[in-house]
1. Residues of the range A:70-81 being away from DNA strand D (no atom under 13 Å from the Cβ) and surrounded by fewer than 16 Cβ atoms within 10 Å (Cβ to Cβ), which ones?
2. Of the numbered conditions (1) within 18 Å of residue B:120 (Cβ to Cβ); (2) within 11 Å of DNA strand C (Cβ to nearest atom), residue A:105 fails exactly one; give the number of that condition.
3. Please go through (1) within 9 Å of chain B (Cβ to nearest Cβ); (2) out of contact with any helix residue (DSSP H, G or I) (no Cβ under 7 Å at 6 or more places or on another chain); (3) exposed (fewer than 15 other Cβ atoms within 10 Å of the Cβ) for residue A:12 and return the number of the only condition it doesn't satisfy.
4. Is at least one residue of the range B:21-38 touching a residue at least 24 places away in the same chain (Cβ under 8 Å) and in contact with a strand residue (DSSP E or B) (Cβ under 8 Å, 6 or more places away or on another chain)?
5. Report, by residue number, each residue of the range B:79-97 that is at the interface with chain A (Cβ under 9 Å from one of its Cβ atoms) and farther than 20 Å from residue A:32 by Cα.
6. Which members of the range A:86-99 meet the condition of being buried (at least 18 other Cβ atoms within 10 Å of the Cβ) and farther than 14 Å from residue B:10 by Cβ?
7. Residue check, residue B:76 against (1) closer than 27 Å to residue A:25 by Cα; (2) more than 9 Å from chain A (Cβ to nearest Cβ), all met but one. Which one?
8. Condition test on residue A:29, is it under 15 Å from the mean Cα position of the chain (by Cα), within 15 Å of DNA strand D (Cβ to nearest atom), surrounded by fewer than 17 Cβ atoms within 10 Å (Cβ to Cβ) and at the interface with chain B (Cβ under 7 Å from one of its Cβ atoms)?
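Throughout, read-outs are computed from the coordinates displayed, never taken from laboratory work. What you are looking at is a predicted structure, and each value in this text was computed from that prediction instead of being measured. Glycine gets a Cβ as well: all are built from the backbone with ideal geometry, and neighbour counts include every protein chain shown.
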DNA sequence: CCGAATCCAATTGGATACTG
DNA sequence: CAGTATCCAATTGGATTCGG
């Protein structure tokens with residue numbers, strides 16, 4: 001019965017307060033924002049702290065401004081840490097937190113699911129190229 | 001070994017062509033855009049076709065313009081269908097496709113995961129309210 | 001080296017008015 | 001009813017410059 005399946009999917013949602021619901025949505029949006037996942041993937045693959053300029057090099061296409069903004073947001077959400085070494089010139093290192101690493105598991109699942117259904121998405125778009 | 005775990009998460013990614021990689025990212029972004037999930041949830045819960053105005057009523061806070069745009073995008077991606085009944089006044093009905101319903105499964109998992117770790121996110125934000 | 005500040009172009013979003 | 005069109009305010013994003 002499709003009805004029950006789809007509505008049960010979001011049952012957990014009703015247990016949330018409006019404030020919690022909003023926070024959940026906000027986190028979901030920030031996680032999936034333009035550069036968040038790309039930056040988190042670089043940090044995950046690095047398996048250790050990375051300097052600002054290393055991240056900038058490895059995230060292809062990102063601007064300095066966008067990287068700064070992305071790192072700030074990820075830090076606010078507790079997904080990465082920022083460590084400043086007050087030297088001259090200064091050194092700043094970023095690293096995934098446990099929360100950040102844990103998050104990549106369900107995110108990768110969704111990503112993988114989309115990649116697996118790519119023919120469906122490509123076909124849908126091809127059919128409606130005139131819209 | 002954390003290294004292997006995190007890097008394996010995205011192994012599938014390397015099998016994608018650059019074009020497929022881009023399409024995957026695009027779909028992921030559109031799915032998680034401001035109103036997409038809210039609209040899909042309404043359609044999922046309706047368990048049947050819904051008229052434009054019914055969706056507009058039930059998605060709290062959405063503007064008519066934003067709803068139109070969201071529905072168009074979901075249709076292009078093959079996640080919903082749009083059926084026009086050329087009456088006067090016209091009637092238009094929207095409904096989830098199988099692809100759309102399937103998608104809600106991994107999406108709900110991610111959503112649920114975030115909701116489950118909400119204390120972590122709230123704590124992180126509280127600590128850094130000064131940033 | 002890291003990033004804040006500034007300037008400017010482009011995109012987005014709401015509100016309103018109008019049409020088949 | 002279900003949009004499209006238009007106007008306008010606000011946000012976003014790149015490029016560049018400057019500073020600790």
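1. A:81
2. Exception for residue A:105: condition (2).
3. (2)
4. No, because not a single residue in the range B:21-38 is touching a residue at least 24 places away in the same chain (Cβ under 8 Å) and in contact with a strand residue (DSSP E or B) (Cβ under 8 Å, 6 or more places away or on another chain).
5. If the condition is that a residue be at the interface with chain A (Cβ under 9 Å from one of its Cβ atoms) and farther than 20 Å from residue A:32 by Cα, then B:96, B:97 are the ones that fit.
6. Quick first cut of the range A:86-99, residues buried (at least 18 other Cβ atoms within 10 Å of the Cβ) only: A:94, A:96-97.
Result: A:94, A:97.
7. Failed condition: (2).
8. Answer is yes for this residue.
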